[in-house]
Structures are given as C-alpha cells and as structure tokens.
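Working notes for the structure below.
The values are calculated or read from the model by the stated rules, or taken from the named source; none is laboratory data. Small disclaimer: the values here were computed from a predicted structure and weren't measured. Please note: Cβ atoms are built from the backbone with ideal geometry, for glycine as well, and neighbour counts cover all protein chains shown.
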Amino acid sequence: MQVITISGFKGGTGKTTLAALIGVAAVQDGLRVAALDLDRNTRNLTNFLTLRRASGLASPDHVMLMDLDRPAKRKSGKRLEPLVHMARMDGYDLLIIDTSSGAQTDIYEAHLLADVIITPMNESPADVHGLFTPPKAQSAPQNNYRDLIDTVRFDRMRARMPVQRWHVCRNRASALPTRIGRIISDQIDNMAAETGFDSSWQLRDRVAHRAISLDGRTVFDEPADGHLTMSEIAGRSEVRAMLAELTGLQYSVSAAA
Ligand SMILES: Nc1ncnc2c1ncn2[C@@H]1O[C@H](COP(=O)(O)OP(=O)(O)OP(=O)(O)O)[C@@H](O)[C@H]1O
Ligand SMILES: [Mg+2]
C-alpha cells in the first residue's frame, strides 16, 4: 500500500481537489482506495465523498480518525499509525490523506508516514515564498513548510525509513503562456534542483475540476448529458498521468469512461 499525503503551506491551493481526482481515478482503475480527511475545519473531502455516495458514484472508502475533533497535543503523535496499519492489513492499494494548512501533530505524522507527498501550488510568487523559503531566512513564514519537509526527511532517515517521493503540482495552470507563469516555472525548477522534488506535475484550471463538489461528479464520471467536452477529456489525462507515476500503471488516453 502507498500512503499519499497531500499538503501545502496555504489554503485553497487544490489539495482536496487533487485528493478527490486521484482517488476517483484510482478507484475507476480497479484499485482499492481509502481516503482520510485531516481538515477539521472544512471537511471538504468528507463532503465530496458523501455527495458521491448519495449520487451512487464509485468512491474511495472514507476512513475516519475518530477523535479528529480533539486537536492532537504537540508531540503526543502516533494517532495515524494504527489507522495506516489497519488500512494496510485491509488490503488497500492507496491511502490518500488530505490535510489542511497548519502545524498540528497529525499533519506532521501524515508526512512522516507518507510514501509520497504531493504539494499543489498556484503559479504565484506568494506560493513559491510560502513553500520554499528556508526556515532561517528573514522573511520565512511562521509555519514553515520547508522546515516541516526537512524535519520529516531527517526523522525518517534517523528511523532508517526509505526516502519518500515529493511531487509539487502546479495547479490551476493557465492554458496560455504568461510572463509570470514562465518566471514561476523557472523558480520552481531551481527549487526542485535545490530541495529535491519532482516539478513536472500540472493540473490546468478547469470548470470541470471546480464543479466536483456540486454532486461529487468528476471528469471521470459519465457526464449528465452523455457528452464529454475536450476539457474534460484533457482533465482525465492530466490526472491519469499523475496516477501512472504514482502506481507505475500505464494508461491509454481515450474518451471512453
Ligand atoms: N484545477 C482546478 N481548476 C479549477 N478550479 C480548481 C482547480 N483546483 C482547485 N480548484 C478550485 O479552487 C478552490 C480551492 O481548491 P481546494 O478546495 O481543492 O483547495 P484546498 O487546498 O483543499 O483548500 P483548503 O486549504 O481550504 O483545504 C476550490 O474552489 C476548487 O474548486
Ligand atoms: Mg481542502
């Protein structure tokens, strides 16, 4: 089983959208998928999965952290480990953990236990600053994401755990080339070389992705009018490209559901 933790420095970058899309794509490809929503404030992933179930759509299984409403005390740790163990014993192929911004112990543990970390970001200088500013820099954010990643890497190394993969996904990318897009792209590539993440992932800004919380329907589900738009077909293939890298499975891109 692979544990995939989706996280980031600030809100609204597309963590839940990515968790939802990857989860549904994997289920459609016959994988057994469990999903854990660590966002106590919004419960957006929980809401998405509830909507899907109500619409009769195949979904990842929703895994609950029973005492999520009680914030974990710092250093108390190890609330997720038994849950991950259970999911592994239950034969799941993927466990997808959606997080919120913040520095709670649960979030740290979700990173520590991850085989793969996926960090969506928007093409903006604020996102680059928030994600990659070294902890000791004068302008470093209080909740330092890079510090979190460095700490997790160090702690895993000490525990002799394998090196985890880290993918940064440029989300809501514009279809048109822009100056700011080019600048951010260069900055991300430089940071990738320095901090060791994979910068090749991208999700375009699409109405279909924004609409997933209407009734839980994604680009992978049969559209209400039976016709897939070009954008929805492209939306499928961009998510499948990510899933292929995650699972090592190969997909042929087609318009068929
Ligand atoms: N590729 C995309 N195309 C269009 N809209 C998107 C895309 N990705 C995300 N969005 C929209 O951006 C908003 C934020 O996305 P989402 O809720 O997934 O972010 P988040 O990182 O989970 O936010 P939070 O930190 O609040 O949990 C939502 O309205 C979502 O529909
Ligand atoms: Mg979210």
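Residues of the stretch 106-127 that are acidic (Asp, Glu) and under 13 Å from the mean Cα position of the chain (by Cα): Asp115 alone.
Pairs please, first residue from the stretch 10-38 and touching a residue at least 12 places away in the same chain (Cβ under 8 Å), second anywhere and of a type in the set (Ser, Thr, Tyr) and away from ligand 1 (no atom under 16 Å from the Cβ), Cβ atoms under 6 Å, 6+ apart in sequence or on different chains. From the stretch 10-38, the pairs are Arg32/Tyr92; Ala34/Tyr92. Can you find, within the stretch 41-62, the residue that is nearest to ligand 1 (Cβ to nearest atom) among those that are part of a helix (DSSP H, G or I) and among the β-branched types (Val, Ile, Thr)? Filtering first and then ranking leaves Thr46. Restricting Arg32, Arg40 to those that are out of contact with any Phe, Trp or Tyr (no Cβ under 8 Å at 6 or more places or on another chain) and either among the β-branched types (Val, Ile, Thr) or at negative phi (or both) reduces the list to Arg40.
Val27: touching a strand residue (DSSP E or B) at 6+ places or on another chain (Cβ under 8 Å), modelled with pLDDT of 95 or more and not acidic (Asp, Glu), yes or no? Spelling it out, Val27 is indeed touching a strand residue (DSSP E or B) at 6+ places or on another chain (Cβ under 8 Å), modelled with pLDDT of 95 or more and not acidic (Asp, Glu).
For the stretch 162-192, the candidate set comprises residues that are more than 14 Å from Met121 (Cα to Cα) and under 21 Å from the mean Cα position of the chain (by Cα); within that set, the residue that is farthest from ligand 1 (Cβ to nearest atom) is Pro162.
A quick yes/no check of all residues on (1) in a strand (DSSP E or B); (2) within 16 Å of ligand 1 (Cβ to nearest atom); (3) modelled with pLDDT of 95 or more:
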| position | (1), (2), (3) |
| --- | --- |
| Lys10 | no, yes, no |
| Thr16 | no, yes, yes |
| Leu31 | no, no, yes |
| Asp39 | no, yes, no |
| Asp69 | no, no, no |
| Ala72 | no, no, no |
| Ser100 | no, yes, no |
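For the stretch 132-168, the tally of residues that are part of a loop (DSSP other than H, G, I, E, B) and among the β-branched types (Val, Ile, Thr) stands at 2.
Listed conditions (1) surrounded by fewer than 20 Cβ atoms within 10 Å (Cβ to Cβ); (2) modelled with pLDDT of 95 or more; (3) touching a strand residue (DSSP E or B) at 6+ places or on another chain (Cβ under 6 Å) are all met by Arg210, apart from (3).
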